[in-house]
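The structure appears below as structure tokens.
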Amino acid sequence: MIIHYLKVAFRSLLKYKTQNLIAILGLSVGLFCFCICFYISRFVGSVDKCFENHERIANVYLVDKAGDTYSGVSGKMLSYLQQRTWDGVEGFTLLSFVDKGEYNLIGEDDKMLPYELTAMETDSLYNKVFTPTIICGNWEQVANNRNSIVLTRHAAKRMFGDMNKAIGKQFVSNNRFVPGTTTYTVRTVIEDLPENTSMNFMRTVDLLKVNDDGGYVALPTPDMTGYYTYALLKDNFTAQQLNNAFQKDGYT
């Protein structure tokens, strides 16, 4: 019986070729669009869930009296948060908005090789909050030195081939906020940062600048906003409890 049905279906396909071709193409396009929509919805729905501590990471931001959110926070605010002891918080870290700029790699015979790289500024607590996978180097060297660079895998491979060769290399870049230039040293290579994260959504990041003397925190105008601030909460401590602590403290 099944063979009979298959023969009938096959004869129908041969008899109405044009109509069946249109139907098959329509079905294929529909399935293709469904797959794309399903992938995008999963991609957007999984934002920030790639981080091991995602359930304990809280975004700290400023609002005005009308309840409108400021675009980023200031270095002054971060310093205030880090200098205080907050119950239920293991630490605060920052991440600047994604910024593309020119970095000159110091090569042999002090030759400068220009690269246009996408960077984010952060501090030494980034490792504790976001737990990146370290390929080579170590975070202690990053945390204990000024003007450290953490390269991502794709950037290190593109510039040096062997990622281990990246360690110790130096870049020079003009400061956007503090006059002069800054020399940065590569101290660690990490896995590429996912693009389904709120701080760099759909944007590839080449490097992290850690403890940057020419960055947002070192701004001569400390009230200027320019980055995100994140708190790593202790277990069973909620973002609402942290917000209540801010209000009780009276910080405005």
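The values are calculated or read from the model by the stated rules, or taken from the named source; none is laboratory data. From a predicted model like this one, the values you see are computed outputs, not experimental measurements. FYI the Cβ positions are ideal-geometry reconstructions off the backbone, even for glycines, and counts take in every protein chain you see. Just so you know, the surface numbers come from the protein's heavy atoms only, side chains and all, with ligands and any DNA or RNA stripped out. Shrake-Rupley method; radii C 1.70, N 1.55, O 1.52, S 1.80 Å.
Applying the condition of being open to solvent by less than 40 Å² (accessible area, probe 1.4 Å) and not in a strand (DSSP E or B) to region 96-115 and asking which residue is farthest from residue 231 (Cα to Cα) yields 107.
Looking at region 50-83, which of its residues are open to solvent by 60 Å² or more (accessible area, probe 1.4 Å) and in contact (Cβ under 8 Å) with a residue 12 or more places away in the chain?
50, 52, 59, 61, 70, 71, 76
The single residue among 85, 93, 118 that is within 30 Å of residue 58 (Cβ to Cβ) and part of a loop (DSSP other than H, G, I, E, B) turns out to be 85.
Between 145, 164, the distinction of being free of Cβ contacts under 8 Å to residues at least 40 places away in the same chain and either charged (D, E, K, R) or more than 26 Å from residue 59 (Cβ to Cβ) (or both) belongs to 164 only. Among the criteria (1) more than 22 Å from residue 197 (Cα to Cα); (2) open to solvent by 80 Å² or more (accessible area, probe 1.4 Å), the one residue 28 does not fulfil is (2). Scanning region 41-98 for residues that are at pLDDT 85 or above, among the small types (Gly, Ala, Ser) and closer than 19 Å to residue 203 by Cβ yields a single hit, 96. Within region 209-230, not a single residue is farther than 30 Å from residue 65 by Cβ, in a strand (DSSP E or B) and open to solvent by 70 Å² or more (accessible area, probe 1.4 Å). When 117, 105 are checked against the criterion of being under 18 Å from residue 154 (Cα atoms), in contact (Cβ under 8 Å) with a residue 12 or more places away in the chain and out of contact with any Asp or Glu (no Cβ under 8 Å at 6 or more places or on another chain), a single residue qualifies: 105.
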